[in-house]
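Here is the structure we will look at, set down as structure tokens.
The values are calculated or read from the model by the stated rules, or taken from the named source; none is laboratory data. None of the values given here were measured: they were computed from a predicted structure. When we count neighbours, we look across all protein chains shown, and the Cβ atoms used for this are built from the backbone with ideal geometry, even at glycine.
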């Protein structure tokens, strides 16, 4: 479920991952799966709540690059992608299609929140996807229900 390099050491997430995992009572999955997660002040502001202590908020140094990317994607994704170019072995958690396309153009590794949940399931961090997927269906997260069913059939045996 991760596009790009398998040698990931730095996880950078966008606000949609924080927001969705918070809505489905799964925010600690990030901590249990990755240990420490990095985000930017722009994403922290979009999230709108206090982030857990295990989330390290780092500002992008190259503001010109940030603003260049912000012309293509929203400021949160722009900041995550710009930060990924400043850290060692980054992987992004992005749910926005434009953000994913930009990450792919830049050859940055990425996954989405659903990919995080699947990785958590395959690594034993969570025992089942179904309770989380059922909660996702009650949110405004855009994903086809039949796709979630396909994933359940594959990973929740």
>> Condition first: in contact with a helix residue (DSSP H, G or I) (Cβ under 9 Å, 6 or more places away or on another chain), part of a strand (DSSP E or B) and farther than 23 Å from residue 142 by Cβ. Can you find one or more residues in region 41-55 that meet it?
In response: yes
> For region 128-140, does any single residue satisfy the condition of being modelled with pLDDT of 95 or more, under 25 Å from residue 57 (Cα atoms) and not in a loop (DSSP other than H, G, I, E, B)?
Replying inline: no
> Within region 63-76, can one find any residue that is loosely packed, with under 14 Cβ neighbours inside 10 Å and at pLDDT below 95?
Replying inline: no
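Identify, from the list 117, 102, 83, the residue that is more than 22 Å from residue 58 (Cβ to Cβ), assigned to a helix (DSSP H, G or I) and at pLDDT 95 or above.
Working: 102 fails: more than 22 Å from residue 58 (Cβ to Cβ); 83 fails: more than 22 Å from residue 58 (Cβ to Cβ).
Just one listed residue meets the conditions, 117.
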> Assuming residue 93 fulfils every condition listed in (1) over 13 Å from the mean Cα position of the chain (by Cα); (2) within 21 Å of residue 41 (Cα to Cα); (3) in contact (Cβ under 8 Å) with a residue 12 or more places away in the chain apart from one, which condition is it?
Replying inline: (1)
> Checking residue 58 against (1) out of contact with any helix residue (DSSP H, G or I) (no Cβ under 6 Å at 6 or more places or on another chain); (2) buried (at least 17 other Cβ atoms within 10 Å of the Cβ); (3) within 21 Å of residue 48 (Cα to Cα), which single condition isn't satisfied?
Replying inline: (2)
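Results for (1) over 22 Å from residue 102 (Cα atoms); (2) in contact with a strand residue (DSSP E or B) (Cβ under 7 Å, 6 or more places away or on another chain), shown as yes or no for each residue.
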site	(1), (2)
17	no, yes
26	yes, no
38	no, yes
42	no, no
46	no, no
59	no, no
62	no, no
65	no, no
